[in-house]
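Every number here is computed from the coordinates shown, using simple stated rules; none is lab data. Since the model is a prediction, treat every value here as computed from it, not as a measurement. Reconstructed Cβ throughout: ideal geometry from the backbone, glycine too, with neighbour counts over all protein chains shown.
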Amino acid sequence: MLIRKAYKFRLKTNPALEQKLFRQAGCCRWVWNQVWWMNQRRLADKQRIIRYHEAAFWLSLWKQSEEYGFLREAHSQPLQQTLKDLDRAYRDGFDKNQPLNRLPRKKRKFRQAAFRYPQGVKLDNRRIYLPKLGWVGFFKSRDISGTVKNATVSYQAGHWYVSVQVEQALPERVHPSTTDVGVDLGVANFAALSNGITYDPINAYRKYQDQLARAQRALSRKVKCSANWRKQKRKIQQLHHKIACCRLDFLHKTSTAISENQAMVFVEDLQVRNMSRSAAGTADDPGRNVRAKAGLNKSILDQGWGEFVRQLDYKLDWRGGMLIKVPPHYTSQTCSVCGHVSPANRPTQAVFHCQACGHTEHADTNAAKNIRARGHRVLACGREGAVRLPREAGTCGKPRGSTTYHLNRGGWNPCPLGRGGCQG
Ligand SMILES: [Zn+2]
């Protein structure tokens, strides 16, 4: 099995090199925006847009011209790659089958700076050769294996990074584990597994939101575009970057832990975009509980479920496991023992108590069991909704003690208070 994988490292830069990097990124942005403007005019006139080959021809003309001669200083391949990316963005934007069919937008200065080398990158222990820029050192945080395919250089919160994409040949393997598990993703517990394990959420944004608010207040008191304003702006960017890094680290550790221990994982097919829609409504028909919903939306988006499911999918694939998405309807209101569905089954957020058979369990674990059962039905019949007979009376047990896992220095570890002893 051939897989593509990326390694991201921070570059060791100096002011002279940074200037060159910004110039290259600036040329790429200029080329993108130039073709974008031409296309905007063509779309307004209801004409066909410029495809890659025509755009590449325009690029060669600009390079020869006196006025846009600065493009000659930049390496040509990232410029062409930018045009290819724009072409791809238009194709995806017009494609009705894409989940996010949105046309490409103009690139803004100071917002994003990035460019990609489709080839010509060489690696040598702790340094990387970037064409036209030379050898650049980087902070090598891990070993790289595989053949280098391309490299993307990007600027984020005051630092330059390089992301090296490699191709690796993985042997086809059988997952060492034989167990399968249902995973319920939530806000109070990040993930609850049907075998009783729960993972605490990290809530990276909540953790730093006071600090962020303070920094943003300080920014509002400064004169716009002054030196102090820029310094403060940089602080805010770094805080946002930190939040994103915390969340990503958490998601990777959790998805690795689950994909190593389970051969098959069932998750709900969640539509995070619909779930986190604003409750504000319109001016004529204002919504209710707008602030409460906004708070919940913040928590939902803080979790990163979409990214988590994506990671779980490819990590299971690499290890020979499998991820299966199941329809999410009523998983939290259904009894995992007798199948009784009622909102009254949830007296509180954390507890599930069946009104029909008296089964009591941690609400998220109960939902995870439903997801697992639903996954089995999807596997067996290829569809959801097959008949499920209630088990005989008397099989509903007392809630079993569950183990809570905490993320600490050694990775994910069980709570030292033991089964059922943890209070969060
Ligand atoms: Zn029941």
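Observations on the model:
- Nearest-ten-degree value, helix 363-381 long axis tilted from longest Cα axis of the chain: 80
- Rounded tilt (10° steps) of 227-261 against the dominant C-alpha axis of the chain: 50
- Label-to-label distance for Q211 and K84 is 4.0 nm, based on points extended 7 Å past Cα in the beta-carbon direction.
- Note on K12: lysines with a C-alpha under 18 Å away, same-chain residues under 8 apart excluded, are K20, K122, K132, K140.
- Cβ-placed point charges (K, R +1; D, E -1), dipole of the chain about Cα centre in debye, nearest 20: 1920
- Length gained when the stretch S276-N33 is fully extended (0.36 nm per residue, less Cα-Cα span): 84.3 nm
- Förster radius 60 Å - calculated FRET efficiency between R346 and Y68, Cβ distance, rounded to 0.05: 0.40
- Per-residue 3J(HN,Hα) values for the stretch 301-307, derived from phi via the Karplus relation 6.51 cos²θ - 1.76 cosθ + 1.60 with θ = phi - 60°, read 6, 5, 6, x, 5, x, 5 Hz in sequence order (x marks Gly and Pro).
- Residues with amide H under 5 Å from that of T334, placed H, sequence gap 5 or more: none
- Each residue of the stretch 119-133 was assigned a 3J(HN,Hα) from its phi angle through the Karplus expression (A = 6.51, B = -1.76, C = 1.60, θ = phi - 60°), giving 6, x, 8, 10, 10, 9, 5, 10, 9, 10, 8, 9, x, 6, 10 Hz with x at Gly and Pro.
- log10 of Debye I(q)/I(0), alpha-carbon scatterers only, for the chain at 0.07, 0.13, 0.14 Å⁻¹: -0.48, -1.34, -1.43
- Cross-link partners of K369 among lysines, defined as those whose alpha carbon lies under 25 angstrom from its own and excluding same-chain residues fewer than eight positions apart: K253, K315, K325, K398.
- Seen against the Cα atoms of the chain and their longest principal axis, helix 76-94 is set at about 50 degrees.
- Amide H contacts of L170 (H built 1.01 Å from N, under 5 Å, at least 5 apart or other chain): L2, I3
- Cross-link partners of K46 among lysines, defined as those whose alpha carbon lies under 30 angstrom from its own and excluding same-chain residues fewer than eight positions apart: K63, K84, K96, K106, K107, K109.
- The stretch 232-317 - Rg (one decimal) and Dmax (whole number), Cα, Å: 16.9, 52
- Extending 7 Å from the Cα toward the beta-carbon at both V290 and W58 defines two label points whose distance is 4.2 nm.
- Here the dipole of the stretch 2-169 is about 440 debye; that uses its Cα centre as origin and unit charges on the Cβ of Lys and Arg (positive) and Asp and Glu (negative).
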